[in-house]
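Only one structure is covered here, and it is reproduced in the block below.
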Amino acid sequence: MESLNAIIKSLSFDWRYFLAQIVLFIVLTVVLNQVFWKPMLAHLARRDKSIKDAYKTVEHTRHEMEALRADYQSRIVKIESDARTHIQQAIKEAQSERERILAEARARADAALQEGIGAMEREKAEAFDSLRERMVAIALTSVDKALGSAVDTRTLRGSIEERIAARS
């Protein structure tokens, strides 16, 4: 029982120790608050602010990037539209130039054809005149050989030329 009494005596409540522990707890709390908690909370607040600022910067950069992308897309669409317009205009100009060149070529071909037809008509007329002259000469030579100098050559020539002209 003595050991039981010793245990009970050791478990007895002592106000001096209790007050000393309360004072030490309060001093420890004040010291920890000044030395550890306030700097730790200030560091955590700075870290939270830094993270928030980083998120704001990322969000701002994302919005800026989207705006730039939209601007880029609109510029590409405008450039493609301008390119299509220029291509279509170039095609129209090329087609009109082609038509102009073809018209010029047709006009030149028609002119060359008319010139060729004119030349052929002149050559034909010259050939007929030459043939007519040869026929008249042959006829005069034949009549001269057949009749001699009894026939007037000028009158006979006029008569032959009239007959040839009447048949043509």
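Rule-based calculations on the coordinates, nothing more; no lab input. What you see is a predicted model; the values in this text were computed from it and never measured. So basically every Cβ, Gly included, is an ideal-geometry build from the backbone, and we count neighbours across all protein chains shown.
A few remarks follow.
- Sequentially through the stretch 153-158, phi angles give Karplus couplings (6.51, -1.76, 1.60; θ = phi - 60°) of 5, 5, 5, 4, 4, x Hz, Gly and Pro residues having no value and appearing as x.
- Taking θ as phi - 60° and the Karplus parameters 6.51, -1.76 and 1.60, the scalar couplings of the stretch 52-66 work out to 4, 4, 5, 4, 4, 5, 4, 5, 4, 5, 5, 5, 5, 5, 5 Hz in sequence order, x denoting glycine and proline.
- Compactness of the chain, expressed as Rg and Dmax over alpha-carbon positions, Å: 64.4, 202
- Taking the fewest neighbouring Cβ atoms within 10 Å as the starting point, the ordered list for Ser159, Ser96, Ser12 is Ser12, Ser96, Ser159.
- Every helix of 4 or more DSSP H residues in the chain counts as -39500 (n - 2.57), and over all residues that averages to -33500 deg cm²/dmol at 222 nm.
- Between Glu162 and Glu126, the FRET efficiency from the beta-carbon distance, with R0 = 25 Å, is close to 0.75.
- Inter-label distance, nm, simple model (7 Å from Cα along the C-beta direction), Arg154/Glu97: 7.0 nm
- Cα-based reach from Lys56 at 24 Å (exclusive), listing lysines while leaving out same-chain residues under 8 positions away: none
- Whole-Hz Karplus values for the stretch 79-86 come out as 5, 5, 5, 4, 5, 4, 4, 5 Hz, taken residue by residue from phi with 6.51 cos²θ - 1.76 cosθ + 1.60 and θ = phi - 60°; glycine and proline positions read x.
- Stretching the chain fully between Phe25 and His60 yields a gain of 7.7 nm (0.36 nm per residue, less the alpha carbon separation).
- Full-stretch length increase - Ala105, Ile138 - with 0.36 nm per residue and alpha-carbon distance subtracted: 7.1 nm
- Nearby lysines by direct alpha-carbon distance to Lys145 (threshold 19 angstrom, same-chain neighbours under 8 apart not counted): none
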